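The values are calculated or read from the model by the stated rules, or taken from the named source; none is laboratory data. Everything quoted here is computed from the prediction, not taken from an experiment. Note: ideal-geometry Cβ built from the backbone for every residue, glycine included; neighbour counts use all protein chains shown. The accessibility values were calculated without ligands, DNA or RNA, using every heavy atom of the protein model including side chains. Shrake-Rupley method; radii C 1.70, N 1.55, O 1.52, S 1.80 Å.
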Amino acid sequence: MSSFVTPEENDAPRTTTAVRWIIALNVLIYFLQVTVLGDGVERALGFQASDLPSGWWRALTYMFAHNGALHLAGNMYVLWLFGPRVEHAWSPGSFTRYYLWCGLGGWLAHVLFFRNTTTSLVGASGAIYGVMLAYAMRWPNQELYFFGTVPVKVKWLFLGYLAYDVVLGFAQPSGGGVAHLAHIGGAAAGWLYLRTPSGQHIDRLRQRVAQVPDLPDETPRAIPRSSPRPRERGNEVDEIVAKSKALAATRRPPAPQAPKPPAAAARKTDELNLVLDKISEQGIASLTLDERRLLEEMSKKLRDR
C-alpha cells in the first residue's frame, strides 16, 4: 500500500495523539525486546490458551508485542495510514477504546479456534483490522495507491485483505505462523462496535459540547431602540409630505377682510364712544352742544342704513 490520493475533505492531521502513543508504545516494547529483554518479552506479553485464567491480562498485552521488525513495521504503517483520520473524526479516548476492543476481538477468535495450540499470539493485527474497517465504512470510496501504482478504493482493499484471511484461516487452521482468524476476529469486533450504540457517540457529543466556551452571565440592560433604516426613514418622509399636500388642498381660503374705515370715520367713532361713556357716567344733561350734535348725527346715520 502507499499513501492517499489527496481528497478535498481529508483535513485530518497526519498524526494524532492516540495513534502516536500507540506507535510509540509498540516501538518501545520491541526496542526492549531486541536490546535488553530478548524473547522474554514475547513470553511475558504474548498470549497462549494455557494462560487462562491466571494470565488473563495477556489478552490486552499481546497486541503490543511483535515477533519481528517487519511484523511491527507493517502493523504500525497501516495504523499510521488509517488511524489519524478515524481518530480525528472521533476523539483520542474513543479511538483508543475502539482499538483495544478490536484487539480483544482478535484474541477471542484465537481462543475459540486455537484453544489447543502452543503458539503465542502476538501482534496488533486484530486491532489494525478494526481500524481499517472503521475507515472503510466511513470513507469507502477513498482511493489508495496499491504498491504505489494502482489506485484502489479502500472498501475493495479491505474486503480483499479480509477474503485472503478467510481463505487461509480456514484452509490452514495452524495459520502457518500467521493468526489469520485473529484478523477476522478484530474486524468482526469492530463491525459490532460500529453497528451498535457505543461510548464513541457519547464521547463525540462531549467533545463537541466542550468546544463551546462558557459565557459569563450579563446583567440585564435596556435594549436601545434601533434607528430606522435609510429606506424606512425615506418612506416616512414621503408619507408626511403627501399628507401635508392633501391637507393644504382641502383647506378653505380665508374670508376676505372688510375694508378698513377711513380715518375721519374712525375718529368720529372714537368721539361717539367718549360721548356714550359720558352719558353713562354723568347723564345726557351733561352733554355740550357739540356732543349733542355728534350724537344726533350718528343716530341719523344708523337709522338711514
Solvent-accessible heavy-atom area per residue, rounded to whole Å², over region 40-107 at 1.4 Å:
38 Å²
Full-stretch length increase - Val36, Ala285 - with 0.36 nm per residue and alpha-carbon distance subtracted
74.1 nm
Got a sec to turn the phi values of region 126-134 into Karplus ³J(HN,Hα) couplings, 6.51 cos²θ - 1.76 cosθ + 1.60 with θ = phi - 60°, whole Hz, x for Gly and Pro?
x, 5, 5, 5, x, 5, 4, 4, 4
Along Cα→Cβ, 7 Å out, is where each label goes; now give me the distance between the ones at Trp156 and Tyr77 in nm to one decimal.
2.2 nm
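Given R₀ = 25 Å, what would the calculated FRET efficiency be for Thr196 paired with Val166, taking r from the Cβ atoms and rounding to 0.05? Kindly include the intermediate steps, with their values, before the conclusion.
Working: r = 23 Å, r/R0 = 0.92.
Step by step, r from the Cβ atoms, then E = 0.65.
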